[in-house]
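For reference, the structure is listed below as structure tokens.
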Amino acid sequence: MVSPIACVPMTEFGVLSLADHLPDPAHGTLVSPTERFRLIVDQAVWAEEVGFSRILVGEHHFSAYIAPDPDLLLAAMAVRTSSIRLATAVTLLANLDPLRVSESLCTLDVLSGGRAELTVARGVSGATAEAFGVHPPDLRDRFAENLELMLRLLSEEKVTWEGRYRTPLDNVTVQPRPVQQPHPVVWVGGGLSNRSCDLAARLGLPFALPSLFRWPEDYTDIVARYRSRFTDRGRGPCVAFPSYVHVARTSQEARARWEPYLMNYVRFATEHRGGGGRPMDYEGLLAGPAVCGSPAEVAEQLARVEELLDLDLHMLMVDAGGMGADLVAETIELLGTEVLPLLNG
């Protein structure tokens, strides 16, 4: 049996896609959903080749974020890769049946030879919750109940259980059993809410911060709270954080070519992911949540974020805003071959 990877002193790096499906601002072309999904799967192959430890895909519904079931994309990645870990970012667990989520995670873990990870969150969209038959005021309590049940289903072979939000279980065994023992890594996604932070700490689970347009500094207090309240379950607390990133040979080239893509994404995503009152113009974003420049500049900026939040996993979002395959591939290659060595050296 394979044991889940524990957090290590050196920061690990992943490539994150939220699967936004937007026209390329350079020429207005909108690729087909098939081509967009192919690009997301290709990123796993490219990321593995240059040394990233994870590929992560987010779940969204009813919008131009077009990946409602990230497990399917991760399964496609599993058959084209051999070592990179495969994670959701996030799975909206409060809207879903924890039994079915457990089955999907275990299937991916077996298919990938023990490389599956799951990041769960309650979700904040009342409309999405209602579409799944969930009463929005119940989201917080449903999330906690579903998470605790899912952890039992993953780690225990026979589960008898009764709760508020689904029918009871009597001696149920999830099949297939996971390769990783006691279960694949499960991250808790949260923002500035104490509820998610405290839940992750109480259950001894790693904590993943959201891809909002907030500055890293906005999260120092919640990270400190999580670390101070963490309950030891055989490993220390782990924190993950996402950054929007673009790199080119020179700072001037990186800034010039990224601006239309980042701002295209910002115009689309602002209604979904507010900025917390921070500047949302291009220069304002570059001063905070967006990292851009030459390899040396990007490495320096990423290192600052990692030190500020004492990160265990840094998730880099490189494909937002309608960016084409060639530019995404070049960005991942430069990050892997010229930025990561500076950070890991």
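What to note about this one:
- Residue-wise HN-Hα couplings along the stretch 163-180, as the Karplus relation 6.51 cos²θ - 1.76 cosθ + 1.60 with θ = phi - 60° gives them from phi, are x, 8, 10, 8, 5, x, 10, 10, 6, 8, 10, 6, 10, x, 6, x, 5, 6 Hz; Gly and Pro carry x.
- In order through the stretch 281-290: 3J(HN,Hα) via Karplus (6.51 cos²θ - 1.76 cosθ + 1.60), integer Hz, x for Gly, Pro: 7, 4, 5, x, 5, 5, 7, x, x, 9
- For residue 315, distant residues with modelled amide H under 5 Å away: 14, 241, 243
- Shape category assigned to the stretch 107-164 from the gyration tensor of Cα positions, a/c cut at 1.5: oblate
- Charge dipole of the chain (Cα centre as origin; +1 on each Lys and Arg Cβ, -1 on each Asp and Glu Cβ, all else neutral): 720 debye, rounded to the nearest 20.
- Volume per residue of the C-alpha convex hull in the stretch 57-210, rounded to whole Å³: 107 Å³
- Residues whose amide H falls under 5 Å from that of residue 189, counting only those 5 or more places apart or on a different chain, are 120, 121, 208, with hydrogens built in the peptide plane.
- For the stretch 238-253, backbone nitrogen atoms closer than 11 Å to the point 7 Å from residue 310 Cα along Cα-to-C-beta are found at 238-239.
- Gyration tensor (alpha-carbon) shape descriptor, the stretch 26-138, a/c threshold 1.5: oblate
- Taking all pairs of distinct alpha-carbon atoms in the chain, Kirkwood radius in angstrom: 20.3 Å
- Global geometry of the stretch 245-314, whether rounded, prolate or oblate, following the gyration tensor of its Cα atoms and the 1.5 cut on a/c: oblate
- At least 15 Å along the helix axis (C-alpha) and Kyte average at least 0.0, DSSP helices within the chain: 98-111, 139-155, 295-309
- Solvent accessible area, Å² - residue 27, 1.4 Å probe, full protein context: 120 Å²
- Relative contact order (%) - the stretch 170-269, alpha-carbon pairs under 8 angstrom, separation at least six: 23 percent
The values are calculated or read from the model by the stated rules, or taken from the named source; none is laboratory data. It should be emphasised that the depicted structure is a prediction, and the values quoted were computed from it without experimental measurement. Glycine also receives a Cβ, built like all others from the backbone with ideal geometry; neighbour counts cover every protein chain displayed. Note: accessible area is taken over every heavy atom of the protein model, side chains too, but ligands, DNA and RNA are not part of it. Shrake-Rupley method; radii C 1.70, N 1.55, O 1.52, S 1.80 Å.
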